[in-house]
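Data first, discussion second: the structure below is written as structure tokens.
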Amino acid sequence: MMYYLLLLLISSSLGLQNLEDILKSPKATLKLYQDFKSAEQLTFAAGEDRMRFGLFRKNAGFVAAANSNTKDRARYGINFFSTMTEEEKAGYLGYNSTGREPNPPPPLSSSFSAPPEKLWVKEGAVTSVKNQGDCGSCWTFGAVGGLETRYKELSGVLRDFSEQEYLDCSYEYNRLRHGCSGGYPDDCYIYSAEYGGRLASTSDYPYRAVDGKCHFGAVPDSMISHKISDVVYVPRGEAANIEALSTGSLSVAFQVTDFFFQYESGIMKDTTCKPRPNHAVSAVGYTPDYVLVKNSWGTGWGDQGFVKFTRNYHNCGLFDHATYPVLTATGVADTSESDRATNYDPDGEGTTEEEEEEGPTFDPNCKDKATNCARDNICEGDEDFARNWCRRHCGFCTDGCPDGTVRCDDGICKHVHMC
């Protein structure tokens with residue numbers, strides 16, 4: 001939404017009509033790029049700036065063409081992906097489909113009848129949108145998203161569970177895999193089941209956007225009333241997925257294309273993709289018109305961090321790899337207070353006041369100064385050394401404020417117009 005306000009301001013001041021007109025004017029295009037960098041707090045050296053401007057102009061042209069398609073019910077916009085290279089964009093994915101086949105088909109008949117609509121965000125059963133950053137950890141966010149509404153339904157408590165525990169621990173003993181290089185949501189549930197059904201809360205095991213040593217033994221288990229005991233592989237196909245989604249959220253995966261990177265609002269139907277997934281997310285509801293999905297790229301992307309996929313379409317493999325955890329009762333009540341639920345309204349037009357997003361802001365210029373940052377335990381040693389010399393490897397590439405916000409004089413992260 002921010003960038004369409006920029007478009008309106010530039011169009012008004014220069015007498016232009018829309019993004020297509022702006023792109024016909026080198027002066028207006030450069031002004032739009034400069035305003036975009038200011039909004040995103042981006043600075044580049046001269047040579048890199050020319051390269052980034054070329055990417056921005058190309059992506060702005062893509063957005064203009066996409067929005068001219070009158071058959072598409074989605075809207076596309078300029079966002080933080082608009083100056084990224086393909087390699088940089090890939091860092092925001094992370095579902096590794098190698099060797100993974102679609103789930104088996106459903107039985108020939110089913111007696112279950114799903115209600116026509118189920119939106120878990122309206123039931124206070126979905127936590128706030130988070131930001132995975134450029135660590136390919138989407139598989140952990142998809143897994144946590146597929147857990148939280150089910151735990152809430154059984155325990156009565158909405159828990160903000162830890163993606164970082166899955167990132168550090170799911171593959172701790174398999175050095176051929178590293179969490180930021182990709183993974184599978186079902187491996188998260190299998191890890192929990194093997195270790196007593198446990199998973200920490202984000203407050204006890206916060207997200208750092210880098211994978212490191214597993215610390216689950218040093219933090220409390222937040223699976224109180226129920227434990228993760230197994231994983232369910234939802235039969236492929238829309239009908240079976242809707243049936244499962246009516247009982248709780250799902251971890252799902254699909255193929256991301258340029259349309260998805262630049263998605264802003266509306267109901268999306270991407271006809272350019274193939275059903276070979278590269279990104280995991282959580283499905284959190286449906287209506288007769290769309291399936292609602294929560295992404296992990298912050299509230300500055302999409303419809304406040306969410307996307308609506310059209311019904312009666314394959315949606316790039318969305319219904320082929322869904323999973324969710326089996327939860328077994330412990331007999332102990334979870335008496336803690338619920339964590340904060342998202343205030344996203346799927347009936348809105350994406351213009352409601354944005355919620356404060358949980359998760360850090362990642363500095364794209366953050367680099368390691370030292371060359372030995374991958375050495376074992378370097379992040380657990382001298383914190384001053386880790387912070388100053390191995391910032392990226394040790395997870396210090398943040399300023400503590402969510403994407404699109406700044407730290408105001410009162411010390412609170414808010415959108416700049418709210419300071």
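What the table shows:
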| quantity | calculated |
| --- | --- |
| Extension gain from residue 313 to residue 25, taking 0.36 nm per residue of separation minus the Cα-Cα distance | 99.8 nm |
| Span from the the stretch 215-255 Cα centroid across to the the stretch 77-120 one, whole angstrom | 14 Å |
| Using a Förster distance of 41 Å, the FRET efficiency for residue 215-residue 257 (Cβ separation, nearest 0.05) | 0.65 |
| Among 53-60, 284-291, 95-102, the order from most to least packed when residues are scored by Cβ within 10 Å on average | 284-291, 53-60, 95-102 |
| Under 30 Å from residue 213, Cα to Cα: lysines that are on another chain or at least 8 residues apart | 89, 130, 152, 227, 294, 367, 369 |
| Gap separating the Cα centres of the stretch 294-323 and the stretch 19-52, nearest whole Å | 29 Å |
| Charge context of residue 192, other residues only, Cβ under 12 angstrom, K/R +1, D/E -1 | -4 |
| Dipole-positive endmost among 315, 246, 302 within the stretch 90-329 (Cβ charges, Cα centre) | 315 |
| Where labels lie 7 Å past Cα in the beta-carbon direction, separation of residue 44 and residue 181 in nm | 2.9 nm |
| Which of 112, 306, 261 has the fewest Cβ neighbours within 10 Å, and the rest in rising order | 112, 261, 306 |
| Within straight-line cross-link reach of residue 31, lysines at Cα separation under 16 Å, skipping those fewer than 8 residues along the same chain | 58 |
| Exposure proxy order (Cβ contacts within 10 Å, fewest to most) of 297, 139 | 297, 139 |
| Assigned charges on the beta-carbon of Lys, Arg, Asp, Glu; the stretch 90-329 dipole about Cα centre (debye) | 120 debye |
| Cβ-Cβ FRET estimate between residue 239 and residue 329, R0 fixed at 30 Å, reported to 0.05 | 0.55 |
| Residues residue 65 and residue 123, FRET efficiency given R0 of 41 Å [Cβ-Cβ distance, rounded to 0.05] | 0.60 |
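Quick note: the coordinates plus some simple rules give every number you see, no bench work behind them. Not measured: the values here are computed from a predicted model. We place every Cβ from the backbone using ideal geometry, glycine too, and count neighbours over all the protein chains shown.
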